[in-house]
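> First the structure, which I've put down as structure tokens, then a few questions once you've had a look.
The values are calculated or read from the model by the stated rules, or taken from the named source; none is laboratory data. Keep in mind it's a predicted model, so treat the numbers as computed, not measured. Ideal geometry is used to build each Cβ from the backbone, glycine not excepted, and the neighbour counts take in all protein chains shown. For accessibility, only protein heavy atoms count, side chains too; no ligands or nucleic acids. Shrake-Rupley method; radii C 1.70, N 1.55, O 1.52, S 1.80 Å.
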Amino acid sequence: MRLSTGKMKNFYLVQAGCLYGNTYYLPYAVGMLAAFALNDERVAKAYTLKRIIYSLEDIDQAIESMENPAFVGFSNSIWNYSYNLVFAEKLKAAYPDCVIQFGGHHVPPDTGLLEKHSFIDILAHGKGEEAFRDVLIALDTDGDLSDIPNISFRNADGVPVKNRTEKITISEYPSPYLNGIFDDIIANGEYPFSCVLETNRGCPYSCSYCDWGELNSAVRMFSLDKVFAELDWMSEHKMEFVYCVDANFGMFERDELIANKLVELKEGKGYPNRLQVSYAKNEPERVFRINRLLAQHGIGKGATMSLQSLSPVVLENIGRKNIDKTEYSRQLSMYRNAGISTYTELILGLPGETLESFSKGLCELLELGQHSSVSAYYCELLPNAQMSTREYMDKYKIKTVSSALNQYHCNSMEDVLSGFSDIVVETSTMSVDDWIKANFFSTCVQSFHHFGLTQCLAMYFRHEKNVTYYDFYKDLLEYIENESVFCKAAFDMVRRTLVGFVEGKGGLTYQQDDFGSITYPLEEAVFLISNLDRDKFYGEIRKYAERYIDSSEFLDELFDYQKSVILRPCENGFEKSYSYDFKKYFDTIWANGYSELEKKNVSYRFETPFPTNDWEEYSKIIIWYGRRNGRMLYSNSPNTVKIIRTR
């Protein structure tokens with residue numbers, strides 16, 4: 001395999017992404033490939049980068065716009081894999097001599113893609129900068145690919161072969177931002193852009209569901225000079241949102257310097273405005289200092305306190321060790337007292353998990369004090385993760401459903417070629433029916449407790465009536481199923497969605513015109529539906545609460561306060577009076593403490609810096625952008641419930 005010599009050859013790169021709201025991400029992965037390869041004089045003299053395709057644009061039009069493509073590289077992730085396959089097949093038909101290379105996280109570690117798809121010529125396994133450069137050089141010279149590590153290709157007999165695997169040790173790469181790789185995209189883009197920040201690469205852990213540790217075990221540090229220069233570039237180009245892809249931000253001392261640099265730029269130039277990271281779990285004090293700094297300047301999205309599961313059996317099966325529960329609770333209190341939101345991530349469908357262990361584990365988080373935010377993600381198989389191996393799947397009897405990509409907070413993907421997800425719906429310890437029930441319970445707790453709809457009620461019954469959070473929400477679901485009308489309709493939607501997904505008839509998202517054209521996960525959808533018709537919702541929940549409290553007068557006040565702490569569009573700056581100091585009582589529980597509910601006349605003023613004018617704006621600003629910061633609750637910082645008078 002060799003390209004023509006004697007003239008500059010055109011190459012293209014494809015990293016197609018979705019439109020999130022009104023923004024695209026700059027295609028960082030292929031930008032890194034281009035910057036690294038073109039930094040080599042041999043590549044720069046032989047090739048011209050004609051264009052990077054960064055959106056799910058019309059494939060036929062994209063191919064028609066190409067000028068004699070000699071080489072096209074595709075970056076594959078779950079959200080663009082199907083798109084790339086169709087694109088590559090049509091491209092090969094139009095340009096049979098064009099060399100097509102597939103790389104990225106969604107390329108499996110074997111030669112299967114070459115065996116299945118004749119239009120793919122080369123596979124790059126793992127991080128691909130070095131392989132990409134070496135392939136381009138080989139194709140321009142002797143055409144021999146056999147000595148390039150971390151790739152697969154067809155030999156002279158047309159048989160797919162995989163070269164040796166080598167760990168990459170380079171710790172410095174040229175920057176696509178600073179080298180101008182994205183200049184044309186920004187100049188000609190119709191939408192604003194978000195961007196990716198990478199300050200190091202690799203992960204020391206090897207969780208079976210994740211491919212981070214599988215692909216890179218040793219952490220390689222990028223120079224602070226480069227990181228700071230990239231942040232300056234992001235600020236100058238007014239990047240609103242930065243997603244840091246470090247596996248464990250806060251693990252290293254220098255991460256505090258990076259956080260300080262972000263604050264300096266935000267305060268001096270206004271950008272970047274928001275940062276999202278995955279925080280390290282074993283450096284709690286440093287991570288707390290970083291979160292406090294970012295929160296003080298409105299940059300952070302809250303502190304990650306991921307656990308994935310609370311079951312010891314599951315943790316052993318996936319090769320993970322969580323922080324001690326006492327330490328977890330201590331950290332929750334520390335963040336709450338500092339006015340910083342926290343969020344905890346779980347994964348539903350891990351091997352060894354049962355319906356009971358998952359549901360009780362979710363409520364154990366509440367008992368430990370996590371009332372801020374919990375996200376229970378579907379367990380998804382990634383091609384390069386240990387969990388995707390046949391041996392692992394057979395051992396735990398893992399069964400999956402393959403469906404169109406479940407993309408949240410973007411326009412419906414039903415008619416768009418994008419990608420697909422392999423979601424675990426059954427294991428040796430959780431049947432499909434139990435998986436659906438676990439989703440039901442998870443949706444209920446997230447929608448009603450962490451979004452706040454019944455949070456005050458559950459807290460009060462837990463501390464005054466000794467009703468555990470697990471019993472409260474288990475019985476509430478039973479009540480909804482058997483005695484409600486409005487709430488049952490919302491959960492019937494959830495059931496239809498889950499059953500349809502298992503049967504291969506749809507995805508796991510919800511869209512309703514009241515909330516705009518974008519899709520929402522089921523727990524956000526149930527919250528929005530319930531809050532939209534608040535009187536019907538609380539009318540039914542009131543009947544459930546009456547089984548615990550006889551006093552109609554007290555329930556009137558408790559329910560009024562519960563309803564008042566939930567933000568709604570067009571409602572802000574209002575006052576309410578009560579004969580109990582509910583704010584002090586619930587704030588104390590929020591901080592993992594307890595004090596008796598004091599009976600005294602008190603008036604509150606409810607205010608938020610996030611007023612919205614309609615349900616579409618509310619869904620985007622409060623639920624999508626503000627979920628992890630708890631924007632939907634007046635009682636969360638920076639929203640306020642102020643005491644204006646007592647007597």
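> Residues Leu405, Leu417: which one is touching a helix residue (DSSP H, G or I) at 6+ places or on another chain (Cβ under 6 Å) and either modelled with pLDDT under 80 or open to solvent by less than 20 Å² (accessible area, probe 1.4 Å) (or both)?
On the way: Leu405 fails: touching a helix residue (DSSP H, G or I) at 6+ places or on another chain (Cβ under 6 Å).
Among Leu405, Leu417, only Leu417 is touching a helix residue (DSSP H, G or I) at 6+ places or on another chain (Cβ under 6 Å) and either modelled with pLDDT under 80 or open to solvent by less than 20 Å² (accessible area, probe 1.4 Å) (or both).
> Which pairs do you get when a residue that is at positive phi, found in region 124-148, comes within reach of a residue that is among the aliphatic types (A, V, I, L, M) and assigned to a helix (DSSP H, G or I), reach meaning Cβ atoms under 7 angstrom, with the pair 6+ apart or on two chains?
Note: pairs meeting the criteria are Gly126/Leu215.
> Could I ask something else about it? When residues of region 604-642 are filtered for being open to solvent by less than 50 Å² (accessible area, probe 1.4 Å), over 20 Å from Lys576 (Cβ atoms) and basic (Lys, Arg), how many remain?
Result for region 604-642: 2.
> Give the residue, chosen from Gly158, Gly104, Gly73, that is open to solvent by less than 30 Å² (accessible area, probe 1.4 Å) and at pLDDT below 95.
Gly104
> Condition (residue is open to solvent by 70 Å² or more (accessible area, probe 1.4 Å), assigned to a loop (DSSP other than H, G, I, E, B) and acidic (Asp, Glu)) applied to region 174-189: is it met by at least one residue?
Within region 174-189, none of the residues are open to solvent by 70 Å² or more (accessible area, probe 1.4 Å), assigned to a loop (DSSP other than H, G, I, E, B) and acidic (Asp, Glu).
> Are any of the residues in region 552-566 modelled with pLDDT of 95 or more, in a strand (DSSP E or B) and within 30 Å of Asn22 (Cβ to Cβ)?
yes
> Now, a different point. Got at least one residue in region 317-340 being in contact (Cβ under 8 Å) with a residue 60 or more places away in the chain, farther than 20 Å from Tyr205 by Cβ and open to solvent by less than 20 Å² (accessible area, probe 1.4 Å)?
yes
> Moving on to the next point. If I ask for residues that are exposed (fewer than 15 other Cβ atoms within 10 Å of the Cβ) and of a type in the set (S, T, N, Q), which ones from region 223-272 would you list?
Ser223, Asn260
> Within the bounds of region 562-570, is there any residue that is over 27 Å from Gln512 (Cα atoms) and either of a type in the set (Ser, Thr, Tyr) or without any contact (Cβ under 8 Å) to a residue 60 or more places away in the chain (or both)? Can you show your working first?
Step one: list which residues in region 562-570 are over 27 Å from Gln512 (Cα atoms), which gives none.
No, the conditions are met nowhere in region 562-570.
> Ala376 passes all but one of (1) under 30 Å from Val107 (Cβ atoms); (2) in a helix (DSSP H, G or I); (3) not aromatic (Phe, Trp, Tyr); which number fails?
Condition (2) is where Ala376 drops out.
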